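K.L.:
My questions will all concern the structure given below.
Nothing in this text is a laboratory measurement; each read-out follows from the coordinates by a stated rule. A quick note: this is a predicted structure, and the numbers were derived from the prediction, not measured. A quick note on method: Cβ atoms are made from the backbone with ideal geometry, for glycine too, and the neighbour counts reach across all protein chains shown.
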Protein chains: 4
Amino acid sequence: MPVTPDQQAEIDASRATTQPTLRATAPGMEKHLYTAHEVLDHGLIRVIDYMGDDSAITQAARVSYGKGTKAVTNDEGLIRYLMRHWHSTPFEMCEIKLHVKLPVFVARQWIRHRTANVNEYSARYSILDREFYIPAPENLNAQSVINNQGRGEVLEGEEAQRVLDILRDDSTRAYDNYESMMSDEGQQGLARELARMNLPANIYTQWYWKVDLHNLFHFLRLRADPHAQYEIRVYADAICEIVKDWVPYAYKAFEDYRLGGTQLSGPGLEVLRRMLKGEKVDQESSGMSAREWRELMGVIEG
Amino acid sequence: MPVTPDQQAEIDASRATTQPTLRATAPGMEKHLYTAHEVLDHGLIRVIDYMGDDSAITQAARVSYGKGTKAVTNDEGLIRYLMRHWHSTPFEMCEIKLHVKLPVFVARQWIRHRTANVNEYSARYSILDREFYIPAPENLNAQSVINNQGRGEVLEGEEAQRVLDILRDDSTRAYDNYESMMSDEGQQGLARELARMNLPANIYTQWYWKVDLHNLFHFLRLRADPHAQYEIRVYADAICEIVKDWVPYAYKAFEDYRLGGTQLSGPGLEVLRRMLKGEKVDQESSGMSAREWRELMGVIEG
Amino acid sequence: MPVTPDQQAEIDASRATTQPTLRATAPGMEKHLYTAHEVLDHGLIRVIDYMGDDSAITQAARVSYGKGTKAVTNDEGLIRYLMRHWHSTPFEMCEIKLHVKLPVFVARQWIRHRTANVNEYSARYSILDREFYIPAPENLNAQSVINNQGRGEVLEGEEAQRVLDILRDDSTRAYDNYESMMSDEGQQGLARELARMNLPANIYTQWYWKVDLHNLFHFLRLRADPHAQYEIRVYADAICEIVKDWVPYAYKAFEDYRLGGTQLSGPGLEVLRRMLKGEKVDQESSGMSAREWRELMGVIEG
Amino acid sequence: MPVTPDQQAEIDASRATTQPTLRATAPGMEKHLYTAHEVLDHGLIRVIDYMGDDSAITQAARVSYGKGTKAVTNDEGLIRYLMRHWHSTPFEMCEIKLHVKLPVFVARQWIRHRTANVNEYSARYSILDREFYIPAPENLNAQSVINNQGRGEVLEGEEAQRVLDILRDDSTRAYDNYESMMSDEGQQGLARELARMNLPANIYTQWYWKVDLHNLFHFLRLRADPHAQYEIRVYADAICEIVKDWVPYAYKAFEDYRLGGTQLSGPGLEVLRRMLKGEKVDQESSGMSAREWRELMGVIEG
């Protein structure tokens, strides 16, 4: 349960009344506002605010005086053209602000995306809650044997149980000790900025994260990718669902040209052209390394 | 007249109907939305969209679940504290999108502020309008004799007239030739991406400019400063008036701590402390250079 | 002639003596240092400084204590892997600083790349030189009839001559008037920050531009592209030649995976797979729009 | 001991031979290159590379063709002027690349400075070393009773011992379990990307961090400040010593105008002016809040 009854009451209050505005609104997005979408065992994503809609993209691309739409079909065609040709600035004219609750080790990956605004809950100033990510059994995987940076089979039986016990016990002990070091009953009480160093990376933190649509798409392309770590991918997937409701044309273009697309190298393109002419090409005659060849075959075979 | 009747009709249509939204709205800002604020002889600033209000700043600072306000006085105090102590991330949680029409030489200064999103009207793709900035006589100044980078006295009499004639004539001729080179009547017609090179820097361009409140304050501190060039300062001043209506607490804190404040050097602070103890200090006994001393005296005397 | 004898003497002096350093040096880059590579009629590119080499990329990727090389072949393989999989941070560990002299209309495109450091010659503070870009006759093209944002055929005969005359005459007059407005002989003399507004966009400006290798590659991918305007492409091409000598492995990977590569959409990839299986696909059966289909055929046919 | 004998050997090899270069070199910086400066109990800072020196700042400010120095005194005066008047772009023309080993909770603060390039050791790909930050007894402080975000008195006696025991024991157990979960002896072995979540925030990580001088000064102003947490301040202090040897004029200007200086608010400045005229001002007659008044008195009294 990522949200307490008090928090839910605050959310409900926020959703209770609308205000009139002259700004562009996206009906599909209004329904998401403030609502907590659950992710992992205690995590969440909430839309706090947004700026713009599909029309705002074309309006900016045209630097227009009015709302920018001529015909809906024009909007979609222009958005697809802009995406296909890497015209990124019109997509930067939409912005989203999210409230995210996530494990620290996920937050550390997430923050690598620098072109965003972040305001994180401060463990220097406040005391963190006792909430830790413990993977569901089906997400407890062995180290991959073919990829240094990935997972293999799901752990089984006793081993899985041992891992879950360790994660739970170590989290519990770390948090008990965190509290007891800070306690001022019968002692001075350790500074919060020091006590926090005892907490493991599966503890949950929270932040407000604000980003423009172009940079969000870049984040989603990398993090909704099958090679991304599962624990960040589920956040990316949840955001994809939200963006789809917010800017449906832009999201569809993103899906066609980025998420579902692929980058072909010059030599890879050459191989394809030869194949399409009916030539039989193998790794040796391609001039590519074994690894590059394997990756190209993966793309062709889908 | 920066806006044509057609453009005004588009603006009026945009302002005609409101939509309900759950987002934070700033009533003082709604009245500015889309309206063209005139700047210089043909320039303008229009608010296209905004995200957040004063409460959004404190809500982010507290990473809260609800709208973030407890008491209004708390909000103001917290905002002043954040500004005073350079906590910039909560201010980044507000965003504004402007439509700006401005002379190219002003645009070239403006774009030096890199942390913003820009979509400019493309003279590669489209034909620019025949609109040039010609200074009003009271803004036609001689080169400063004490500051390489500034203006001195207002030009007088015939000299002023000569300058105005030159600016008008050269603009007119440049634009006539721009049009005639591109014309496809009886000739091929030069490419727009080439023809534009004949246009002088006082021609007007337009862009959509989107920036967060923290970076906007940085822009305003530098560009609403008396040392900024007049032609960009009037844009900064117009934006100040808008921001004051949008986030009144944040703007007041900005005014007190940034715009109206000053940076004292370590040696300058030392001089002040000696003076406050009743000591008589002059440049020599201060250990400061003549220029630094003069600047310090300027600050003290106001 | 982009460089005066005095400037050449300064360049020669800078190249006269070496200093010993412990830093990574790239022999192929040392030969470029300070030397003016001519671009367009008065433009130039000079390498002022650089940081890192191919090994610096792999050293950072491995966060290593030593110089990072094990075997040269490892370095190349790792660099290609990093490029192929969009691991951009190791490429950011190399940096280059260039002195560029370029027409203002080119500078205005260039500056759109925000992730770089720029220090431009100030026409507010100093007087610009009388140097204007006048295209060579073979680069004087008509507007494209199929692409709003491009050039078509080379202009011919009298029309070409007329354009060249206009560009020369208007530049000359604009500069004469720029000088005469600022002159303090027998008059006050207009402020430089105002006088500059009379100068057309083909005047040359100069700046120091510093950028990391990842962002430079992004710049080069867009600006060395056949769709980029000729006048910026020649700068990008000149930089490509320099980067090739600086970080040969990284440049080769960039050439294979970015410059010479292509992005395939999800639907485009589907079409290719069907074709490779021997199926006959046309636009209608592809489900793609006419424009997207045409672009895909362009990629396949090369 | 932050460095193993093998690592020291790699460092020594890197420092063994110099190469000739035409680039600007800073003799004071060459002596730091690669050398490990110890910070905290297992941390370090090493200079991996640098670009530019004091002259490079003025050379860029002048966009000059030669090395940019006329007289040394000119360089220093210009640098101080640029710093005093917030001309930041010339300082961006110097760049530094550091290898830093630091506890994760320090890394999480550090990464908030977004305008830098970072390549971190990946715990998804590799196994972290068994190295944890355990504070020295004199840096083990109680929570401040006046500042939510700070430390008070040093912990004493048994309490201090209890805290140290907890930090040591929990780190040891967490690491033992980290290893045992990943072990593939008699079991599948948990994926590294999952096992790392059991590690506490006092474990050491490492990264290459590259930043320009302007943004480095911004980092140092915030992190070498007395209000910064001790564990990041010691890194900032160590970097200050290095920068002082690299660009002595720029560092002195930074010290005088930023580190040792202060920001006065408009109302604060008004109070000062009244005091200097001999007027007696107290909080009430100042119109400032109690907190702002206390902070102003702190500045005045030093």
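K.L.:
Considering only Cα-Cα distances, which of the following residue pairs are longer than 23 Å: A:Lys101/B:Lys210; C:Lys252/D:Lys101; A:Lys97/B:Lys210? Numbers along the way, then the final one.
P.N.:
Working: A:Lys101/B:Lys210 27 Å; C:Lys252/D:Lys101 33 Å; A:Lys97/B:Lys210 15 Å.
A:Lys101/B:Lys210; C:Lys252/D:Lys101, as the Cα separations exceed 23 Å there.
K.L.:
Using R₀ = 22 Å, calculate the FRET efficiency as 1/(1 + (r/R₀)^6) where r is the Cβ-Cβ separation of A:Arg124 and D:Gln263; round to 0.05.
P.N.:
On the way: r = 22 Å, r/R0 = 1.02.
E(calc), rounded to 0.05, equals 0.45.
K.L.:
Normalised by the residues of chain D, what does the relative contact order come to in percent, with Cα pairs under 8 Å and at least six apart? List each step's numbers first, then the result.
P.N.:
Working: 366 pairs, mean separation 66.5, N = 302.
After rounding, I find 22 percent.
K.L.:
Run through the DSSP bridge list for chain D and note the antiparallel percent, rounded to the nearest 5. All intermediate terms of the calculation are to be shown ahead of the outcome.
P.N.:
Details: 26 of 27 bridges.
Just about 95 percent of them are antiparallel.
K.L.:
Then there is this: Report the calculated FRET efficiency for A:Asp184 and B:Ser144 (r = Cβ-Cβ distance, R0 = 60 Å), to the nearest 0.05.
P.N.:
Values: r = 62 Å, r/R0 = 1.04.
That gives a FRET efficiency of 0.45.
K.L.:
Mind checking the dipole of the protein assembly as shown: about its Cα centre, +1 per Lys or Arg Cβ, -1 per Asp or Glu Cβ, Debye to the nearest 20? Intermediate results must be reported in sequence, preceding the final value.
P.N.:
Numbers: 140 positive and 176 negative charges, 1 e Å.
With Lys and Arg at +1 and Asp and Glu at -1, about 0 debye.
K.L.:
Using a Debye calculation, one point per C-alpha and no hydration shell, please list log10 I(q)/I(0) for the range D:1-160 at q = 0.09, 0.10, 0.19 Å⁻¹ in order.
P.N.:
At q = 0.09, 0.10, 0.19 Å⁻¹ the computed log10 ratios are -0.50, -0.61, -1.24.
K.L.:
Shifting gears a bit: Bin width 10 Å, origin at 0, all Cα-Cα pairs of the protein assembly as shown: what percent of pairs per bin?
P.N.:
Per 10 Å bin, starting at 0, the Cα pair percentages come out as 2, 8, 16, 22, 23, 17, 8, 3, 1, 0.
K.L.:
Of the options B:Leu199, B:Val163, B:Asn177, report the single residue whose Cα projects farthest towards the positive end of the charge dipole of the range B:137-200 (beta-carbon charges: Lys, Arg +1; Asp, Glu -1).
P.N.:
Farthest towards the positive pole: B:Leu199.
K.L.:
Ignoring everything except DSSP H segments at least 4 long, calculate the 222 nm mean residue ellipticity for chain D; use -39,500 (n - 2.57) per segment, divide by total residues, nearest 500.
P.N.:
-13000 deg cm²/dmol
K.L.:
Pick from B:Leu33, B:Leu190, B:Leu222 the residue whose mean-square fluctuation is largest in a GNM of chain B, springs joining Cα atoms under 10 Å.
P.N.:
Of B:Leu33, B:Leu190, B:Leu222, the most mobile in the Gaussian network model is B:Leu190.
K.L.:
Please identify every one of the GluC sites (Glu not before Pro) in the range B:237-287 that sits in a loop by DSSP and has no more than 11 other beta carbons within 10 Å of its own beta carbon.
P.N.:
In loop regions of the range B:237-287 (DSSP not H, G, I, E or B), the sparsely surrounded GluC sites (Glu not before Pro) are B:Glu279.
K.L.:
Then there is this: Give me, ordered by chain and number, the residues 5 or more places off B:Gly152 or on other chains with an amide H under 5 Å from its own placed amide H.
P.N.:
B:Ala142, B:Gln143, B:Ser144
K.L.:
Would you kindly give the portion of the calculated P(r) for the range B:233-302 that falls above 21 Å, as a percent of all Cα pairs? Numbers along the way, then the final one.
P.N.:
Numbers: 1072 of 2415 pairs.
That tail contains 44 percent of the Cα-Cα pairs.
K.L.:
Right, next: For B:Ala9 and C:Arg114, what does the FRET efficiency come to when R0 = 45 Å and r is the distance between their Cβ atoms, rounded to the nearest 0.05?
P.N.:
0.80
K.L.:
Please report, for B:Ala136, the nm distances (one decimal) from its label point, 7 Å out from Cα along the beta-carbon direction, to the equivalent points in the remaining copies, shortest first.
P.N.:
Once sorted, the set of distances for B:Ala136 reads 5.0, 6.5, 6.7 nm.
K.L.:
Quick one: with label points 7 Å out along Cα→Cβ, list the inter-copy distances for C:Gly278 in nm, shortest first?
P.N.:
1.2, 10.7, 10.7
K.L.:
Here's another thing I want to ask about it. What does the convex hull of the Cα atoms come to per residue for the range B:137-200, in Å³?
P.N.:
Working: hull volume 6.2 nm³, N = 64.
In the range B:137-200, the Cα convex hull volume per residue is 97 Å³.
K.L.:
Here's a follow-up. Could you work out Rg/(2.2 N^0.38 Å) for chain B, with Rg from alpha carbons only? Let's see the in-between values first.
P.N.:
Numbers: Rg = 23.7 Å, N = 302, 2.2 N^0.38 = 19.3 Å.
So chain B has a normalised radius of gyration of 1.23.
K.L.:
Another question, then. Using the Kirkwood radius over Cα pairs, work out the Stokes-Einstein diffusion coefficient for the range C:86-231 at 20 °C and 1.002 mPa s, in µm²/s as a whole number.
P.N.:
Working: Rh = 17.9 Å.
The calculation lands on 120 µm²/s.
K.L.:
Ok, one more. At most 13 other Cβ atoms within 10 Å and a DSSP loop assignment: could you name the GluC sites (Glu not before Pro) in the range B:81-173 that fit?
P.N.:
Numbers: sites: B:Glu92, B:Glu95, B:Glu120, B:Glu131, B:Glu138, B:Glu153, B:Glu156, B:Glu158, B:Glu159; in loops: B:Glu131, B:Glu156.
Here the sparse-neighbourhood loop sites are B:Glu156.
K.L.:
Place a label point 7 angstrom from the Cα of D:Tyr81 along the Cα-to-Cβ direction, then list the residues of the range B:113-147 whose backbone nitrogen is under 19 Å away.
P.N.:
In the range B:113-147, the label zone of D:Tyr81 (backbone N under 19 Å from the point 7 Å along Cα→Cβ) covers B:143-147.
K.L.:
To continue, here is another question. Give me the dipole magnitude in Debye, nearest 20, for chain A about the Cα centre, with unit charges on the beta carbon: positive for Lys and Arg, negative for Asp and Glu.
P.N.:
Values: 35 positive and 44 negative charges, 292 e Å.
In total the dipole reaches around 1400 debye.
K.L.:
Shifting gears a bit: Filter the trypsin sites (Lys or Arg not before Pro) in the range B:225-293 to those in DSSP coil with at most 12 other Cβ atoms within 10 Å of their Cβ, and list the result.
P.N.:
Values: sites: B:Arg233, B:Lys244, B:Lys252, B:Arg258, B:Arg273, B:Arg274, B:Lys277, B:Lys280, B:Arg291; in loops: B:Lys277, B:Lys280.
Qualifying residues, ordered by number: B:Lys277, B:Lys280.
K.L.:
So which residue, out of B:Leu259, B:Leu22, B:Leu40, gets the largest mean-square fluctuation from a GNM of chain B using Cα contacts under 10 Å as springs?
P.N.:
Looking only at B:Leu259, B:Leu22, B:Leu40, the biggest GNM fluctuation is shown by B:Leu22.
K.L.:
Report, to two decimal places, the Cα Rg of the range B:92-171 normalised by 2.2 N^0.38 Å (N = number of residues).
P.N.:
Details: Rg = 17.0 Å, N = 80, 2.2 N^0.38 = 11.6 Å.
That works out to 1.46 for the range B:92-171.
K.L.:
Give the separation of the Cα centroids, the range B:197-225 to the range A:72-122, in Å.
P.N.:
A separation of 24 Å, based on Cα centres.
K.L.:
Suppose every K and R has +1 on its Cβ and every D and E has -1 on its Cβ; what is the size of the dipole of the range B:99-221 about the Cα centre, in Debye to the nearest 20? If you can, show how the numbers build up before the last one.
P.N.:
Working: 14 positive and 17 negative charges, 158 e Å.
Dipole size: approximately 760 debye.
K.L.:
For chain A, modelled as a GNM with alpha-carbon contacts under 10 angstrom, which of A:Arg23, A:Arg223, A:Arg192 fluctuates the most?
P.N.:
Its mean-square fluctuation being the largest, the pick is A:Arg23.
K.L.:
Exposed loop chymotrypsin sites (Phe, Trp or Tyr not before Pro) only (DSSP loop, at most 13 other Cβ atoms within 10 Å): please give the longest stretch of chain C free of them, not including the sites. Show your work: numbers first, answer last.
P.N.:
Details: sites that count: C:Trp86, C:Tyr125.
Answer - C:126-302.
K.L.:
Now, a different point. As an exercise, find the ratio Rg/Rh for the range B:262-302 from alpha-carbon atoms, using the Kirkwood inverse-distance average for Rh.
P.N.:
Numbers: Rg = 9.3 Å, Rh = 10.2 Å.
Ratio of gyration radius to Kirkwood radius for the range B:262-302: 0.91.
K.L.:
Go ahead and collect, in residue order, the members of the range B:162-195 whose backbone nitrogen is under 14 Å from a label point 7 Å along the Cα-Cβ direction of C:Asp176.
P.N.:
B:166, B:170
K.L.:
Say each of B:Ala136 and B:Lys277 gets a label point 7 Å from the Cα, pointing the same way as Cα to Cβ; how far apart are those two points in nm?
P.N.:
Output for this residue pair reads 5.1 nm.
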